[in-house]
Amino acid sequence: HHPAHAANAFYTSGFDEALCISIDAYGSGMTNVVAVGRRGKPIEVLHRTPYPHSFGAYYEQLTSALGYAPNRHEGKILGLAAYGDPELLMDVVRARLDERAGEVGLRGTLNAFFPRLLSLRFTKQDIAAAYQGAMERAVSEVVKYWVNKTGIHNIVLSGGVCANVKLNQRIFETEGVQKIFVHPGMGDGGLCTGAAFLLEEAQGMEPYVMENAFLGPEYPESEMRAAIERADLPYERFDEVEEKIADLAVSNEVVARYNGRMEYGPRALGNRTVLYRAADPSVNRWLNQQLGRTEFMPFAPATMFEQRHQNYKNIDGAEYTAQFMTITFDCTDKMIEENPAAVHVDGTARPQLVTRTSNPSFYKTLDAVNRRCGVATLINTSYNMHEEPIVCSPDDAVRAFTEGRIGVLAMGPYLAWLPEKGRPAALDNAESVPSA
Ligand SMILES: [Fe+2]
C-alpha cells in the first residue's frame, strides 16, 4: 500500500532525489511511511508507523464529532478550522499526541468521545482549528526530523491525509524543505498507478514530470452535440469558444466548462469545471447553494502560470504541484483585492496554476479574461451536483447543467443555455462569430 503511494509521488515528481512521505488513514497495517526515492534506484523505506497511530482516523473522528460525515466531509472541517482560534485548545490536543523522534503516537487522541465532549463547551470552529493546528505542528516536526537525518530537501507526499491542502502548505514551509510535490491522485484511487510504477521500477523507471492530469475518458464532438440536442437545449458552435467564455465570464455569467479528457484524481482542473469571476465573495454562498453544497472553504482560483508571483507568496519550489491544486499559499494584497471570492478568511488560497501546454483551452480562456479585465484568475470548482462524482460523459454534463441551472454550458466548441433564460447577451460582445 505505502510503497505504491510513495512510487506514485516520486515517479511523477521529476525529482532526482526525494523524501517520500505517505500520511494515511490505514494501509496494509501502516499509517505513515517515510521512504527515500533516488533516480535509478528502488525506493527505500526508512520508517513505518503502524495502525492505530493514524492521522486519517484522528481527522475522521473529529469530522464525525462535529456533526459531519467521516471519510467524506474532512475538507469541510479543514475549511471550518480557518474560522477558529487554534491556540485556544491547542495544548489540550497536543498533550494527547505522543511526539517522538521522527513519528507521532496517536493512541491518546483516538477517543471519539473527546472531541464530542469538547463540542459541549467550545465552538466547532475552535475545535477544528486546534486539531488542524496540532496536526500541522506535529507533522512538520516529523518532516524536519527526516530532512535533517537524510539531508534530502525535496518532499513528495501522498496518502489520503495529504488531500489536506493546508497541511501540505505547512510541510512546504518547514525549515529545510526546498521543493514539494503532492501527487494529484494522493488517495487510494491513485494506488493502481503507484503499483504500476513499482513494477516498472524493476525495469529502470525514471522520475518524470506529469505534463497534465488529463488521463480520463474523452468524447467526440458528435457525442457532445447529440447530448445537447437530446436535452433540447438551444446552442451555437464557435471556433474561438474561449473568447466567448471570457465574454460570458466578465459579464458575470457562470460557465460550466466541459472539454477534452477528464481529470485524474479528485480535482477538476479545467476540463470538468464550473467557472466564475472571483471578484464577488457572495458567489461562495449562492453558487454552492445552487450546486447543492455546503463548504467553508471558498472556491479555488485558477490562475495563469505567469502570474503566480503576483498572486501567491512563497510559491517557488511548489509551482509544479500547484498545477494540480494540491497545496495552499498565502495570498498577496493584489490577489486579495482582485479575487476576494477565492481567498479564505486566513488569507490563503489553493490555486491551480494553468500553463500554456498543460491545458491550452483553459489557458486561452484565462488569457482572454485577462485581456478584457486585467485579471488572469477565475474561480474553478468541480462540475458535479451535490455529493455526486465529477461529471464524465456529455450526458452527465448536460444533466448536471440542467439540474443545477448553471448559467451557460460550454461543451467543447458548443455553447448551450437554458431555454427559459434565453441566449446570453454577452455572446454578441466580441469579434468571433458562430461557425457552420
Ligand atoms: Fe492509502
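Some observations on this one:
- Verdict on Ser22 being surrounded by 24 or more Cβ atoms within 10 Å (Cβ to Cβ) and either over 21 Å from the mean Cα position of the chain (by Cα) or at pLDDT below 95 (or both): no
- Any hit, segment 363-380, residues being under 16 Å from the mean Cα position of the chain (by Cα), at pLDDT 95 or above and either surrounded by fewer than 23 Cβ atoms within 10 Å (Cβ to Cβ) or among the aliphatic types (A, V, I, L, M) (or both): yes
- Test: residue in segment 136-146 that is in the same structural domain as Glu87 (by TED's automatic domain parsing), touching a residue at least 60 places away in the same chain (Cβ under 8 Å), of a type in the set (Ser, Thr, Tyr) and more than 16 Å from the ligand (Cβ to nearest atom): no
Every residue, every condition in (1) more than 21 Å from Ala35 (Cα to Cα); (2) at pLDDT below 95, yes or no:
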| position | (1), (2) |
| --- | --- |
| Phe113 | yes, yes |
| Val139 | no, no |
| Tyr145 | no, no |
| Gly160 | no, no |
| Asp188 | no, no |
| Ala202 | no, yes |
| Tyr208 | no, no |
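- Matching residues in segment 201-249 - criterion: being charged (D, E, K, R) and within 17 Å of Pro394 (Cα to Cα): Glu218, Glu221, Glu223, Arg225, Glu229, Arg230, Asp232, Glu236, Arg237
- Residue in segment 201-214 that is surrounded by fewer than 19 Cβ atoms within 10 Å (Cβ to Cβ), in contact with a Ser or Thr (Cβ under 8 Å, 6 or more places away or on another chain) and not hydroxyl-bearing (Ser, Thr, Tyr) present: yes
- Taking the criterion of being buried (at least 21 other Cβ atoms within 10 Å of the Cβ) and more than 17 Å from Lys166 (Cα to Cα), the only residue of segment 321-337 that qualifies is Met335.
- Number of residues in segment 391-427 that are crowded, with 17+ Cβ neighbours inside 10 Å, small (Gly, Ala, Ser), farther than 21 Å from Trp286 by Cα and at pLDDT 95 or above equals 2.
- Taking the criterion of being assigned to a helix (DSSP H, G or I) and crowded, with 23+ Cβ neighbours inside 10 Å, the only residue of segment 301-320 that qualifies is Asn311.
- Only residues that are over 16 Å from the mean Cα position of the chain (by Cα), among the charged types (D, E, K, R) and closer than 20 Å to Met385 by Cβ were counted across segment 284-328, and they come to 2.
The values are calculated or read from the model by the stated rules, or taken from the named source; none is laboratory data. The structure presented is a predicted model; accordingly, all values stated were derived computationally and were not measured. Every residue, glycine as well, gets a Cβ built from its backbone with ideal geometry; the counts of neighbours run over all protein chains shown.
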